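The values are calculated or read from the model by the stated rules, or taken from the named source; none is laboratory data. Everything numeric in this text was worked out from a predicted model, so none of it was measured. Heads up, the Cβs are rebuilt from the backbone with ideal geometry, glycines too, and the neighbour counts pull from every protein chain shown. Surface areas here come from the heavy atoms of the whole protein model, side chains and all, with no ligands, DNA or RNA. Shrake-Rupley method; radii C 1.70, N 1.55, O 1.52, S 1.80 Å.
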Amino acid sequence: MVQRAMIFLLPGAIALSAIAWKPAEKETLAAKVRAKESYMKEVRGYLHEHPEVSSGEYATARFLQSEVAKSGLPVTKVQGTGFYAVLDTRRPGKTVGLRTDIDALPIHENPENLKQRKKWVSTVDGVSHACGHDGHMAILLGAMKILCEMKDELRGKIVFIFEEGEETGAGIDQMVEALAPLHIDAFYGNHLRSSIRTGEFFVREGALMAGAGTVSFDITGRGGHASRPDLSINPIFAAADILGGISIAWNNQRDITKTLTLGISQIHGGAANNVIPNSVFIGGTIRFFDRDEAEKGFDIIRRVAANTAAAHRCDARFRDDMDILLLPVVNDGKLTALAHSAIEEIYPGSTLTSDEHIWYAAETFSKYSSLAPSVFVFAGIRNDELGSGAEHHNDRFDLDEDALTYAAGGMVRFAVKFLNED
């Protein structure tokens with residue numbers, strides 16, 4: 001009886017030992033990540049010096065594809081500049097998608113960060129990686145090389161995703177369509193975050209980043225000579241009243257317990273001091289975590305704009321793109337727990353819990369959840385001694401390159417846990 005019991009217990013014991021996280025394995029993985037540190041920094045530097053705006057990332061894509069080819073992975077191009085590559089271990093199992101964005105911003109870079117001259121500065125006038133996407137690419141390439149080296153220790157498949165035009169949303173729909181036939185079981189992404197110190201991570205279940213909607217409408221009157229405003233219908237005064245009315249209604253006609261922000265960023269009308277224009281354009285965004293509340297916000301804007309315009313004998317014409325653009329990034333509960341565990345295993349005590357790090361920015365990563373559960377992680381880049389920590393989309397934005405190693409380690413450990421543990 002004892003011998004039979006041992007026979008039945010032994011397979012289970014083998015299975016458990018195969019997935020246990022031993023100190024030696026932790027040191028081995030940490031060493032593999034450190035070995036790629038200089039590579040990731042070099043890649044990040046090159047990409048930072050050669051930024052390309054959304055949907056124009058042609059040289060960027062060629063460089064990334066050449067690096068993927070060095071790891072022996074075939075590249076599958078998606079419409080535009082996006083592409084993906086698959087590491088197939090040839091052993092049955094799950095499929096995980098690891099994603100980066102690849103575009104820069106139309107922002108002229110200040111060569112100084114918050115304290116000193118930056119290590120890398122854009123060589124392209126008026127374009128810079130002022131959000132950290134250069135770091136994201138370096139992290140994914142570093143993680144890819146490590147995982148390819150670990151191929152014999154893994155099962156299942158890993159899909160490395162390089163997404164075009166995240167800042168404008170230009171590439172996400174094509175990418176989601178292209179990935180659908182791959183039957184990916186989970187998506188993991190990360191974003192470098194200037195409000196978090198280097199070596200720290202933030203991941204939480206539920207909403208992590210806000211959804212976004214576009215505010216886009218014209219107020220049309222009748223232009224004329226500025227010497228006789230009574231013979232024209234001036235849309236500029238109507239636009240001014242509309243913005244004031246929306247501001248008042250925004251504070252009094254919506255649920256104050258639900259976050260909903262309104263950022264008016266554009267108002268254009270007229271080109272000469274002595275000409276009353278025919279129309280004025282008003283543009284901006286709303287950010288939200290509750291879709292119903294977002295719809296209510298759009299109703300407020302439309303109602304106030306239409307009625308106030310009519311009071312000025314003008315018309316409010318809402319453009320086709322005035323709608324919800326992206327839903328919030330919402331982390332799956334099980335994947336969040338797995339990501340938290342993975343990060344703590346390789347970097348104990350590094351995860352933050354305060355909801356102050358929830359971000360009101362929007363991210364196309366939210367759309368991957370239409371294919372499978374997803375989790376998005378923030379990795380800190382703030383280092384006061386180096387001067388990194390300026391807000392994203394700012395000309396002084398810079399990152400502490402040590403963050404690349406931390407982020408790559410978290411990504412690799414998550415992928416290994418997801419693929420190899422039940």
I want to make sure I understand the PRE zone here: with the label point 7 angstrom from the Cα of Arg222 toward its beta carbon, which residues in region 274-291 have backbone N atoms less than 13 Å away? 278
Pair Asp384, Ala240: separation of 7 Å Cα→Cβ label points (nm): 4.5 nm
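Would you list the membrane-span-like helices of the chain, meaning whole DSSP H runs whose alpha-carbon atoms span at least 15 Å along their axis and whose mean Kyte-Doolittle value is at least 0.5?
Numbers: long enough: 2-19 (26 Å, 1.68); 23-35 (18 Å, -0.49); 37-49 (18 Å, -1.23); 58-70 (18 Å, -0.15); 133-149 (24 Å, 0.72); 235-252 (25 Å, 0.96); 291-311 (30 Å, -0.44); 333-346 (20 Å, 0.43); 402-420 (28 Å, 0.66).
Helices passing the filter in the chain: 2-19, 133-149, 235-252, 402-420.
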Working note, the chain: Cα radius of gyration (Å, one decimal) and Dmax (Å, whole number) are 25.1, 107
Hey, any idea what Rg/Rh is for region 267-373, computing Rh the Kirkwood way over Cα pairs? 1.18
As a test of reading the structure, rank His357, His312 by solvent-accessible area (1.4 Å probe, protein chains only), most first. His312, His357
Amide H contacts under 5 Å for Val275, placed H, 5+ residues apart: Ala226
Accessible surface of the chain [probe 1.4 Å, protein heavy atoms]: carbon and sulfur percent: 53 percent
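Expressed in nm to one decimal, what extension gain is obtained for the pair Ser341 and Val75 from 0.36 nm per residue of sequence separation less their Cα-Cα distance? Display every interim value, and only then the final one.
Working: separation 266, 0.36 × 266 = 95.76 nm, distance 3.13 nm.
So the extension gain works out to 92.6 nm.
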So what does Lys151 come to for accessible area, using a 1.4 Å probe and Å² rounded to 10? 70 Å²
On a full-extension model of 0.36 nm per residue, what is the gain between Ala180 and Ser354, subtracting their alpha-carbon distance, rounded to one decimal in nm? 59.2 nm
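So if each residue of separation counts as 0.36 nm, and I subtract the Cα-Cα distance between Lys115 and Arg291, what length gain in nm does that give?
Gain on stretching Lys115 to Arg291: 59.3 nm.
Do any chymotrypsin sites (Phe, Trp or Tyr not before Pro) in region 258-333 lie in a loop, going by DSSP, with at most 16 other beta-carbon atoms within 10 Å of their beta carbon, and if so which? Write down the numbers at each step before the final one.
On the way: sites: Phe281, Phe288, Phe289, Phe298, Phe318; in loops: Phe289.
Sparse-neighbourhood loop chymotrypsin sites (Phe, Trp or Tyr not before Pro): none present.
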Which whole-number percent gives the relative contact order of region 70-175, counting Cα pairs below 8 Å spaced six or more residues apart? 44 percent
Largest first, how would His225, His183, His48 line up by accessible area (1.4 Å probe)? His183, His225, His48
Sorted by chain and number, the residues with a modelled amide H under 5 Å from that of Asp290, at a separation of 5 or more or across chains, are none
Among Gly263, Gly199, Gly410, whose mean-square fluctuation peaks in a Gaussian network model of the chain (Cα, cutoff 10 Å)? Gly263
Let me know the shape class of region 163-218, please: from the alpha-carbon gyration tensor, a ≥ b ≥ c as square roots of the eigenvalues, rounded when a/c is under 1.5, otherwise prolate if a/b is greater than b/c, or oblate. oblate
Karplus (6.51, -1.76, 1.60) ³J(HN,Hα), θ = phi - 60°, over region 274-287, in Hz, Gly and Pro reported as x: 10, 10, 7, x, 6, 8, 10, 9, 10, x, x, 9, 10, 10
Could you list the trypsin sites (Lys or Arg not before Pro) in region 44-101 that lie in coil according to DSSP, counting only those with at most 10 other Cβ atoms within 10 Å of their Cβ? Arg90
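Over region 256-315, what is the mean sequence separation of C-alpha contacts under 8 Å (at least six apart), divided by residue count, expressed as relative contact order in percent?
On the way: 56 pairs, mean separation 19.1, N = 60.
Over region 256-315, the number comes to 32 percent.
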Using a Förster distance of 51 Å, how high is the FRET efficiency between Asp152 and Thr259, based on the Cβ-Cβ distance and rounded to 0.05? 0.60
